[in-house]
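What follows draws every value from the coordinates through simple rules; no lab data is involved. Note that this is a predicted model, so its numbers are computed, not measured. Every residue, glycine among them, receives a Cβ derived from its backbone with ideal geometry; neighbour counts consider all protein chains shown.
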Amino acid sequence: MHNQTVAQLARGLREKQFSSVEVTRHLLERIAGLDAQYNSFITTCEDAALASARAADDRLAAGDAGPLTGIPLAHKDIFCTSGVRTSCGSRMLDNFVPPYDATVVERLRDAGTVTLGKTNMDEFAMGSSNENSYYGAVKNPWDTNCVPGGSSGGSAAAVAAGLVPAASGTDTGGSIRQPAAFCGITGLKPTYGRISRLGMVAFASSLDQAGPMARTAEDCALLLEAMAGHDPRDSTSVNRPVPDYCADLDKPLEGLRIGLPREYFGEGLQAATGDCIQAALKELENQGASLVEVSLPNSHLTIPTYYIIAPAEASTNLSRYDGVRYGYRCDNPADLDDLYTRTREEGFGDEVKRRILVGTYALSAGYYDAYYRKAQQARRLIRDDFLACFEQVDVIAGPTTPGPAFGLGEKSDDPVAMYLEDVYTLAVNLAGLPGMSVPAGLVEGKPVGLQLIGRHFEEARLLNTAHRFQQATDWHTRAPSQGGNA
Amino acid sequence: MSDTSTKPSIDPDEIEKIATLARIRIAGDQVAGVTHRIADILAMVDTLQAADTTDVEPMANPLDAVQTLRADEVTETNRREAFQAIAPAVENGLYLVPKVIE
């Protein structure tokens, strides 16, 4: 059961091959037995999960079921869950039990899904390796000496290890796509504003976006349909109808124009990963797509632009953690200033503190124009490069990451080296575009991902391209041997 | 627009000033290490200064969306008890902090 996709499980539930309670029990047992080696969950909710599964079975029996009724999944621990601790991977929120649900959680619950637990993540979603968690690093199920990627590393590892068929994630600079690539699963970051950010702990508000992580594009389509939609409680949520994302999954790729940015295939891309991407592109070409070389001339501005905008917004967003209304408070504060400064010293980890400091610097008097304003100008240049490309092509493709998963500890002492890992994913967030990572091969036994980037709100075209690719290839069906086949 | 030749580095005094603004205490023996790493990050982001952004309008939202407004009406119910139940210290409906006025 644990190797089945969401679509397969949904069919099995409707055809009474098994019940939601049976699937839920099976996966909870796998988590209890196997997750010690991956550390992909921070919290599991056995009792609540079994209660939701029983309710789902009643709906299935009554013939009142939707496509996701009874499907178990996990939420990244960045999404507020009423009555269930939401830590965001931080000591600061280790004791935080939200009094409300995130819109994503509410919508997926209303669709009948069963929440098994909350997945591990880099603290406040800041990281590319899942090593910045107060709850310890997550290990990659394909090689437990390697990182699973980040920041949605727990969600990616849990899906890859067969602990859960799908999980929610968030992506501010690649945090869905990069761990999806490293763990051999399929992940989608939708257009900025497509999914409500309400109840999703804020990192960089002009970049943050939630999305689905699963084994197939079809599953991502099913989940996105439930997650997407306007939320009047999030002023950046876009008021635009949600299409049927499954309707065009099978559409042939004839006539599809795929742009290959020359900047994504140059120096920096590891040769074996590049070979996998070329083979994947060849498959798309065989199906009738045409490959067109394009250019994103301002690509070299992406990393510095992102690492000004994201920390600047983070320093503002994280000012709310002051030890007064919720979350961690230091012991025996001498005075109010001591309460603030020591709570934040003790409650935040090193990377979070670094980003708050960089952001505070970039926004401080005398530096605003040179940093934040300059970065916002560069951000426009980066977005406009994409818009110009999309006049020539329908989809942009390239690698998700420069190479497969790197070793635990390999880059954790060098923040700038870690930042360079995100070179192909950051621009998509700056431009607000939808992006996907699709399993596209193995290098030394570790997965690599093909990144697909679409026009604003063209998630359906990405899902269609990825689905057709998955109909012709089997990379997405490969599972790691450790635990995954137990 | 300020001078584009932004300082390439940052010294420990500036780090302590920034940390004060950010309300984060940095232990004395850690200032040097933090300064070193922040200097590395700033050196990387400073490469942006070479970009020509003359006459480029800053972009705050990738969809060029503007702030949506709603009618100024009460929409939320009062949930003070639920919110205060998760606070570190409360008394009579108030959040407690160390004494501010002696």
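Observations
- Histogram of C-alpha separations across chain A, 10 Å bin width, %: 4, 22, 33, 27, 11, 3, 0
- In chain A, the DSSP-assigned H stretches of four residues or longer account for a calculated mean residue ellipticity at 222 nm of -11000 deg cm²/dmol, using -39500 (n - 2.57) per stretch and the full residue count as denominator.
- Cα extents of the stretch A:1-60 along the three principal axes, largest first (Å): 34, 23, 14
- Amide H contacts of A:R257 (H built 1.01 Å from N, in plane; Pro and chain starts excluded): A:S290, A:D394, A:V395 sit under 5 Å, all sequence-distant by 5 or more or on other chains.
- Taking Cα atoms only, the orientation of helix B:12-21 departs from the longest principal axis of chain B by about 30 degrees.
- Note that the stretch B:1-90, at 20 °C in a medium of 1.002 mPa s, gets a Stokes-Einstein diffusion coefficient of 116 µm²/s from its Kirkwood radius over C-alpha pairs.
- The orientation-averaged shadow of the Cα convex hull for the stretch B:8-52, equal to a quarter of the hull surface, comes to 3.4 nm².
- Among A:P399, A:G162, A:Y245 - extreme Cα towards positive end, dipole of chain A, charges at beta-carbon: A:Y245
- For chain A, a simple Cβ point-charge model (Lys and Arg +1, Asp and Glu -1, everything else neutral) yields a dipole of about 500 debye relative to the Cα centre.
- Principal-axis tilt of helix B:31-45 within chain B, Cα atoms, nearest 10 degrees: 70 degrees
- Here the stretch A:298-456 is treated with +1 on each Lys and Arg Cβ and -1 on each Asp and Glu Cβ, and its dipole about the Cα centre works out to around 440 debye.
- Residues A:E346, B:E81 arranged by fewest to most Cβ contacts within 10 Å: B:E81, A:E346
- Residue-span extension gain [A:Q17 to A:D335] - 0.36 nm each, minus C-alpha spacing: 108.2 nm
- Taken about its Cα centre, the stretch B:8-52 carries a charge dipole of roughly 260 debye when the Cβ of each Lys and Arg holds +1 and the Cβ of each Asp and Glu holds -1.
- Debye-formula intensities of the stretch A:413-486, expressed as log10 I(q)/I(0) at q = 0.11, 0.12, 0.16 Å⁻¹, are -0.39, -0.46, -0.76 (one equal scatterer per alpha-carbon, no solvent).
- Under 17 Å from the Cα of A:K353 - lysines, other chains or at least 8 residues apart: B:K17
- Kirkwood Rh, Cα atoms: Rg over Rh of the stretch A:258-317: 1.15
- In this structure the amide hydrogen of A:D94, modeled in the peptide plane, comes within under 5 Å of the amide hydrogens of A:Y328, none closer than 5 places in sequence on its chain.
- Sequentially through the stretch A:170-179, phi angles give Karplus couplings (6.51, -1.76, 1.60; θ = phi - 60°) of 9, 9, 9, x, x, 5, 9, 5, 5, x Hz, Gly and Pro residues having no value and appearing as x.
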